[in-house]
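Please read the structure below before turning to the comments.
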Amino acid sequence: MAFNLDSKIPEGPLADKWTKHRFDMKLVNPANKRKFNVIVVGSGLAGASAAASLSELGYNVDCFCFQDSPRRAHSIAAQGGINAAKNYPNDGDSVRRLFYDTIKGGDYRSREANVYRLAEVSNSIIDQCVAQGVPFARDYGGLLDNRSFGGAQVSRTFYARGQTGQQLLIGAYQALSKEIGKGSVTMHTRTEMLDVVTVDGKAKGIITRDLVSGEIKRHAGDAVLLCTGGYGNVFYLSTNAMGSNVTAAFRAHKKGAGFANPCYTQIHPTCIPVSSEHQSKLTLMSESLRNDGRVWVPKKKGDDRPPSDIPEGERDYYLERRYPSFGNLVPRDVASRAAKERCDEGFGVGESGLAVYLDFADAISRLGEDTIRARYGNLFQMYEKIAAENPYKTPMRIFPAVHYTMGGLWVDYNLQTTVPGLFALGECNFSDHGANRLGASALMQGLADGYFVAPYTVSNYLGEHGEMDAAKKVTTAHPAFDEAEAAVIARTERLLAVNGKQSIDSFHKRLGLIMWDNCGMGRTKETLTKALEEIPKLREEFWSDVRIPGGDKEFNAEVEKANRVADFLEFAETMCLDALTREESCGGHFREEHQSGEGEAQRDDENYAHAAVWEYTGEGNRPELSMEQLEFENVMLTTRSYK
Amino acid sequence: MKITLHAWRQKDANSPGGMQTREVDGISKDMSFLEMLDKVNEDIINEGGEPIAFDHDCREGICGTCSMMINGQAHGPDGGTTTCQLHMRSFQDGDAIHIEPWRSRAFPVVRDLVVDRSSFDRIVQAGGFVSANTGGCQDANSQLVPKVSSDLAMDAAACIGCGACVASCPNGSAMLFVAAKIGHLANLPQGQPERYSRARSMVKQMDAEGFGACSNHYECEASCPKDIPVTFISDMNRDVLKASTCHSDK
Ligand SMILES: Cc1cc2nc3c(=O)[nH]c(=O)nc-3n(C[C@H](O)[C@H](O)[C@H](O)COP(=O)(O)OP(=O)(O)OC[C@H]3O[C@@H](n4cnc5c(N)ncnc54)[C@H](O)[C@@H]3O)c2cc1C
Ligand code: SF4
Ligand code: FES
């Protein structure tokens, strides 16, 4: 059965759609809001902001996260900044320009109306955050400071040293804490969602596992919001936190939520290169560094002189050479591919040859070391700790790494998935970034969804479909909960019963390698076909030989990992299938068969200007594909050029 | 390199715990401390045992999840470093390394090196926020904030809530953590309306959670991975004193 993908984009001119839609939406009377219970899974920027805002409106909220505190959600790791169309620097920015840059940056694979709304609410986000006490960087006059990010020629990025994500999350966490303190949000930490419960096709609750006691619990709600982040860890090595996973989204997918564009993954150009086989994660060096750092490799192949001995004339500043107008600030997909191209050609540096230089010497001689320290001190320190080299003296060595996933649960304009009552916010949905996300736009999107979109659209859903009569509400005694709970327990028992020989991590690493080699920065029909043969074999091996020490009625990190890796092993196949089916290159999805003579991505707008939405049809079965055609009424589809 | 690892093992909050010793070989200097533990756990799993439980998530020094005493020092020997940022190059071949959970009454052990720090969350819930609901805020630039105040607020806001300050304090005091939160908001105009009630409520909750008092050892500052200075403690004490004498706001 194909999905009916009604995007519910409001009628009218682009700039009026959101205003008109807000007016048309159903409201819930303040006294009735207390009768509704909303479940928010996730406490990152999207989850914390949504839970706090919905609670402020008067709903009862249950919020869940797997960390020991909501403040530790992965959003905390964001370094560089958050975009907004404030135009404070007076350099020509506007809502329209932010909209345009985001659509273009996404290589014309996102929905116009969503992106416009994102740009429209961006300014309110900054106002909100400042009111909460987010200590954004300021200039000497006391005004807010801005910096530039890739894919933009204006300065619209607000930042808090190199810790923007942390400061924004603490803002949202404080708002959430205020509501927890009042008793209108119940916070469930160290709790993992393992299934969505649907009744008559609508989301009515979730099943969770208490990560301390192992207890499986049921929670009923009138709406369920998934704010569970991205799935970059399918590659094992990524810049994501160790616990980031696809489990919540994938289990929702199994219950009927369409998964859109799973193959769209972002490989970030500036990360610390892999140094050993023991490596457990990759560390990002924020894109903001490209404001002052210059990327280069030696002009001579295999030149192994120390960087300081290579004279200016023998260096190839390849981004400045290839893209003179954006230079070092081209979008991420472009910068990553350019680095890969140089390294593949044998110009890479470092022991493995899989690195390029990011050099601050010019900026330091122009601005002084103190200015650079004030801008990026914590990033430089982080680099020094990992690489044991002083980046003030020697250029950083960097290489692309998996960073962000543009794909996610398909949502309509109201952020509702194909399952009524089930919403997806933040990185967990597919909505706003098309095939490539611009830097500093994920924080913006997470907070836009949570503070300014979901409070309206979730209310609208409850106003229209919510059951106010307590006697008629679905409770956790409903047979659908029995069934979902039994399935969760059975799955864990099945995992424990395998009692094989190989550790969970060893499987995860092998899956990661398959994905990186075959579905990474460059993909071909051949590599993807190969991955599609290898993944099911690995999955089979996992289910017959994985070893999970200890039991499930206790604190056991291995049980957590086992559930997550089992889901990655299924999900990876859908990703590769999606990549194989999309016979074009766009943004982060680079099919080597489809490139221009100069090695740029070649889109096929005639056949692929759509979101590919996959429907789950059972383990090992080929998922079914539906498409949402993307209509462009306000921008002209052109070949992206950053030259 | 080779090391001898002594690790605290404790099944759950109600079981007694003890140190367990293990010889570990094949460690590279470039491994992070947690990657060393990953390897140890992989070995334990392959031998059929139960791995050492420890908390971690971002592994880049910002989420505040990782937490352990390493040879008696919170987050180990390097200054301004979280456990996850510590590398094996800070140790010598043949070293004995002792790892234990945070030690504090207000942080009960969950398992092995994992502790329960929800007391920190409850302190913030008691008042560590600005009561600005979503919507209707004025333009972000309509209020100027002197750069010095904003930088000072940022210095305090850099706290990652890890709890090392508590773990290394002989009194198990949470003063540095609470002072950092209070100092963040007290240095911004947005934090002024609730400044004194905030200080009062947070300190009251801190006491209720069973944290000890501060007697100026400054172990907290020395162990803090974000180098939060103890001067924020004196600022907080002044606000708490003012709150109790001159301000009756609730
Ligand atoms: C190193 C790094 C730097 C970045 N820098 C920037 C930047 O400068 N600017 C920018 O715009 N973006 C940046 N990003 C991207 C951005 O940080 C993320 O996309 C964004 O924060 C995601 O927020 P979120 O709320 O959607 O999810 P997250 O913050 O990932 O939160 C997910 C939440 O869901 C919970 N959860 C997940 N699964 C389950 C489950 N099964 N059960 C219960 N709870 C669950 C988790 O506990 C967590 O609370 C960066 C990303 C990384 C990795
Ligand atoms: S003050 Fe320092 S040691 Fe204490 S919780 Fe904050 S970051 Fe950790
Ligand atoms: S794991 Fe996040 S700070 Fe160490």
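Once you order the gyration tensor axes a ≥ b ≥ c over the Cα atoms, which shape class does the range A:269-402 get: rounded for a/c under 1.5, otherwise prolate or oblate by comparing a/b with b/c?
Judged from the Cα gyration tensor, the range A:269-402 comes out rounded (a/c under 1.5).
What does the extension gain come out to for A:GLN629 and A:LYS643, with contour length at 0.36 nm per residue minus their alpha carbon separation?
2.1 nm
Using a Gaussian network model of chain B with C-alpha springs under 10 Å, which one of B:ALA167, B:ALA106, B:ALA96 is most mobile by mean-square fluctuation?
Greatest mean-square fluctuation among the candidates belongs to B:ALA96.
Starting from 0.36 nm per residue, how many nanometres of slack lie between B:TYR218 and B:ASN237 once their C-alpha separation is accounted for?
Extra length available between B:TYR218 and B:ASN237 comes to 5.3 nm.
Antiparallel DSSP bridges in the range B:3-110: what percent, to the nearest 5?
In the range B:3-110, DSSP labels about 75 percent of beta bridges as antiparallel.
Within the range B:1-100, report the trypsin sites (Lys or Arg not before Pro) that DSSP leaves as loop and that have at most 14 other Cβ atoms within 10 Å.
Loop-located and lightly packed - B:LYS2, B:LYS29.
Would you compute, from DSSP H runs of 4+ residues alone, the mean residue ellipticity of the protein assembly as shown at 222 nm, taking -39500 (n - 2.57) per run and dividing by the full residue count, rounded to the nearest 500?
-11000 deg cm²/dmol
Counting other Cβ atoms within 10 Å of each Cβ, which trypsin sites (Lys or Arg not before Pro) in the range A:290-342 have at most 12 and sit in a DSSP loop?
A:LYS301
What distance in nm separates the two pseudo spin-label positions at A:LYS26 and B:SER131, each 7 Å out from Cα along the beta-carbon direction?
3.3
Would you work out the charge dipole size for chain A about its Cα centre, treating the Cβ of every Lys and Arg as +1 and the Cβ of every Asp and Glu as -1, and quote it to the nearest 20 debye?
In total the dipole reaches around 1260 debye.
For the protein assembly as shown, compute Rg over Rh where Rg is the Cα radius of gyration and Rh is the Kirkwood radius from the inverse mean 1/r over Cα pairs.
0.94
Decide, for the range B:9-78, between rounded, prolate and oblate: order the square roots of the alpha carbon gyration tensor eigenvalues as a ≥ b ≥ c, take rounded if a/c falls under 1.5, and otherwise choose prolate if a/b is larger than b/c, else oblate.
Since a/c reaches 1.5 but b/c is at least a/b, the shape of the range B:9-78 is classed as oblate.
Which residue, B:PRO229, B:PRO101, B:PRO189, has the most motion in a Gaussian network model of chain B that connects Cα atoms within less than 10 Å?
Its mean-square fluctuation being the largest, the pick is B:PRO189.
Using alpha carbons only, how many degrees (0 to 90, rounded to 10) separate the axis of helix A:45-57 from the longest principal axis of chain A?
So the inclination is approximately 40 degrees.
Using a simple spin-label model with points 7 Å from Cα along the Cα→Cβ vector, what separation in nm is obtained for A:GLU277 and B:ASP227?
Output for this residue pair reads 3.8 nm.
How much of the pair distance distribution for the range A:124-261 lies past 20 Å, counting alpha-carbon pairs only, in percent?
Every Cα pair in the range A:124-261 considered, those over 20 Å come to 64 percent.
Could you compute how much accessible area chains A and B hide from each other, both sides summed, with a 1.4 Å probe? Nearest 100 Å² is fine.
The buried area between A and B, both sides summed, comes to about 5900 Å².
Give the lysines reachable from B:LYS181 as a straight Cα distance under 25 Å; neighbours fewer than 8 places away on the same chain don't count.
In chain and number order, the partners are A:LYS178, A:LYS182, B:LYS147, B:LYS204, B:LYS226, B:LYS242, B:LYS250.
How far apart, in nm, are two points set 7 Å out from the Cα along the Cα-to-Cβ line at B:HIS98 and at B:SER28?
So the two model labels end up 3.1 nm from each other.
Please report the carbon-and-sulfur percent of the accessible area for the range A:478-610; probe 1.4 Å, protein heavy atoms only, DNA, RNA and ligands left out.
49
Just tell me which lysines come within less than 17 Å, Cα to Cα, of A:LYS340; anything on the same chain fewer than 8 places away is out.
A:LYS299, A:LYS300, A:LYS301
In whole percent, what relative contact order does chain A give with Cα contacts below 8 Å and a gap of six or more residues?
Rounded, it is 21 percent for chain A.
Helix B:195-208 versus the longest principal axis of chain B: what angle, 0 to 90°, nearest 10, using Cα atoms?
Roughly 40 degrees between the two axes.
Calculate the mean, over all residues of peptide A:171-177, of how many other protein chain Cβ atoms lie within 10 angstrom of the residue's Cβ.
Average per residue, whole number: 6.
Just to be sure I understand the interface: list residues from the range A:499-522 that lose 10 Å² or more of accessible area between the chain on its own and the complete protein assembly, 1.4 Å probe.
A:LYS501, A:SER503, A:ASP505
Along the charge dipole of the range A:544-632, pointing to its positive end and built from +1/-1 on Cβ of Lys, Arg, Asp and Glu, which listed residue (A:MET575, A:ASN563, A:ASN607) has its Cα farthest out?
A:ASN563
Take every Cα pair under 8 Å in the range B:117-245 that's 6+ residues apart, average their separations, divide by the length, and report that relative contact order as a whole percent.
Dividing the mean separation by the residue count of the range B:117-245 yields 34 percent.
Helix A:454-465 versus the longest principal axis of chain A: what angle, 0 to 90°, nearest 10, using Cα atoms?
Helix A:454-465 sits at roughly 30 degrees to that axis.
With a cut-off of 16 Å, note down the residues of the range A:358-401 whose backbone N falls inside the zone around a label point 7 Å from the Cα of A:GLU345 toward its beta carbon.
Under 16 Å, as judged by backbone N against the label point of A:GLU345, lies no residue of the range A:358-401.
Which one of B:LYS147, B:LYS181, B:LYS226 has the biggest mean-square fluctuation once chain B is modelled by GNM with Cα springs under 10 Å?
It is B:LYS147.
Could you report chain B's accessible area per residue, 1.4 Å probe, as an integer in Å²?
Here the residues of chain B average 38 Å² of exposed surface.
With both bridge residues required to lie in chain A, what share of the DSSP beta bridges run antiparallel, to the nearest 5%?
Taking every DSSP beta bridge within chain A, about 70 percent pair in antiparallel fashion.
Are there residues in the range A:96-127 whose accessible area shrinks by at least 40 Å² when all protein chains are included rather than the chain by itself, and which are they (probe 1.4 Å, ligands and nucleic acids not counted)?
Checking the loss per residue gives A:ASP127.
Going through the cross-link list A:LYS17/A:LYS204; B:LYS2/B:LYS39; A:LYS473/A:LYS561; A:LYS254/B:LYS39; A:LYS385/A:LYS643, which pairs have a Cα-Cα distance over 24 Å in this structure?
A:LYS17/A:LYS204; A:LYS473/A:LYS561; A:LYS254/B:LYS39; A:LYS385/A:LYS643
Give, rounded to the nearest 20 debye, the magnitude of the charge dipole that chain B has about its Cα centre when Lys and Arg contribute +1 at Cβ and Asp and Glu contribute -1 at Cβ.
Dipole about the Cα centre, nearest 20: 1000 debye.
The values are calculated or read from the model by the stated rules, or taken from the named source; none is laboratory data. For clarity, every value in this text was computed on a predicted model and none was experimentally measured. Cβ atoms come from the backbone with ideal geometry, glycine included; neighbour counts cover every protein chain shown. Side chains included, ligands, DNA and RNA excluded: accessible areas come from the protein's heavy atoms. Shrake-Rupley method; radii C 1.70, N 1.55, O 1.52, S 1.80 Å.
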